[in-house]
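Reviewing the structure listed below.
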Amino acid sequence: MALRAAIFDFDGVLVDSEPMHFATLRETLAAEGVTITQEEYERVYLAYDDRGAIRLAFESHGVSFDRARIEAAAVRKAEIFQQRLPGIRFFPGARELVRRLAEAVPVGIASGALRGEIEAILEAAKLRDAFTVVVGADDCERTKPDPEPFVAARDRLATARALAALSSRECVAFEDSVPGVAAARAAGMVVVAVTNSYPASKLTLARRVVDSLEQVTLDLLHALVAEA
């Protein structure tokens with residue numbers, strides 16, 4: 001097998017946005033009478049999209065809810081997050097790896113974040129042109145740990161770049177969370193996990209675990225796919 005495409009998760013892999021997601025989710029839930037801790041966020045909500053995290057928080061804290069209440073809270077959370085976008089930074093090595101990969105193969109994003117948020121951050125960083133496709137939470141019916149986001153990104157890459165019969169085994173997926181690794185594995189991809197959000201001991205389902213994207217080379221990725 002040969003490397004033909006690369007797909008990145010966004011929050012926690014490319015950008016150090018999880019602290020802001022926690023802060024904005026905590027602020028949103030506080031207005032609903034729910035208090036969450038950082039430990040709870042990292043253990044329960046980190047890998048979910050906004051609506052999934054809000055629904056779980058309501059369920060866990062015994063708050064009655066319907067779809068309208070979840071939607072209203074998700075809209076507030078997105079508005080708060082949007083106001084704080086300028087404070088988000090990229091992880092070391094992230095921009096450089098994306099650019100190197102984009103010169104070699106089509107690159108996409110499969111994320112639980114809203115596509116508009118992702119696009120805004122990439123545009124501000126002058127990195128949007130490196131990605132052929134961006135799949136966000138609003139592009140899928142099911143989010144991670146379901147494999148749908150990665151499958152959707154693979155299929156859109158194949159269509160956009162006319163990659164005939166693109167196989168999941170020819171795709172490298174980059175993740176930082178346990179549910180994210182499970183989703184990429186379920187999609188049949190070669191998974192590289194980075195320890196930005198979880199320790200290596202929690203990411204053992206990945207084909208390779210690294211402490212930083214600075215450690216990732218094209219030779220390593222080609223070797224991982226060839227071994228798949």
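The values are calculated or read from the model by the stated rules, or taken from the named source; none is laboratory data. Computed from a prediction, not measured in an experiment: that's the story for all the values here. Glycine gets a Cβ as well: all are built from the backbone with ideal geometry, and neighbour counts include every protein chain shown.
Structural remarks
- Checking each residue in the range 106-144 for being of a type in the set (Gly, Ala, Ser) and either closer than 17 Å to PHE81 by Cβ or at pLDDT below 95 (or both) picks out SER111, GLY112, ALA113, GLY116, ALA120, ALA124, ALA125, GLY136, ALA137.
- So GLU39, is it among the charged types (D, E, K, R), over 16 Å from the mean Cα position of the chain (by Cα), within 23 Å of THR195 (Cα to Cα) and surrounded by fewer than 18 Cβ atoms within 10 Å (Cβ to Cβ): yes
This table checks each residue for (1) outside the structural domain of LEU114 (by TED's automatic domain parsing); (2) of a type in the set (Ser, Thr, Tyr); (3) assigned to a loop (DSSP other than H, G, I, E, B).
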{"site": "THR24", "(1), (2), (3)": "yes, yes, no"}
{"site": "GLU27", "(1), (2), (3)": "yes, no, no"}
{"site": "TYR41", "(1), (2), (3)": "yes, yes, no"}
{"site": "ALA47", "(1), (2), (3)": "yes, no, yes"}
{"site": "GLY52", "(1), (2), (3)": "yes, no, no"}
{"site": "PHE58", "(1), (2), (3)": "yes, no, no"}
{"site": "SER64", "(1), (2), (3)": "yes, yes, yes"}
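- Top-ranked residue in the range 1-22 [being among the β-branched types (Val, Ile, Thr) and not in a loop (DSSP other than H, G, I, E, B); ranked as farthest from ARG154 (Cα to Cα)]: VAL15
- Candidates ASP16, ASP50: the one that is under 14 Å from the mean Cα position of the chain (by Cα) and surrounded by fewer than 20 Cβ atoms within 10 Å (Cβ to Cβ) is ASP16.
- Filtered residues of the range 147-166 (kept if at pLDDT below 95 and either polar (S, T, N, Q) or within 28 Å of ASP211 (Cβ to Cβ) (or both)): THR159
- Some residue of the range 110-126 being closer than 27 Å to GLU227 by Cβ, crowded, with 19+ Cβ neighbours inside 10 Å and either assigned by TED's automatic domain parsing to the domain that holds TYR41 or under 17 Å from the mean Cα position of the chain (by Cα) (or both): yes
- Per-region count, the range 167-201, residues under 16 Å from ALA2 (Cβ atoms) and of a type in the set (Lys, Arg): 1
- Test set (1) of a type outside the set (Ser, Thr, Tyr); (2) at pLDDT below 95; (3) touching a Ser or Thr at 6+ places or on another chain (Cβ under 6 Å) - GLY188 fails condition number: (2)
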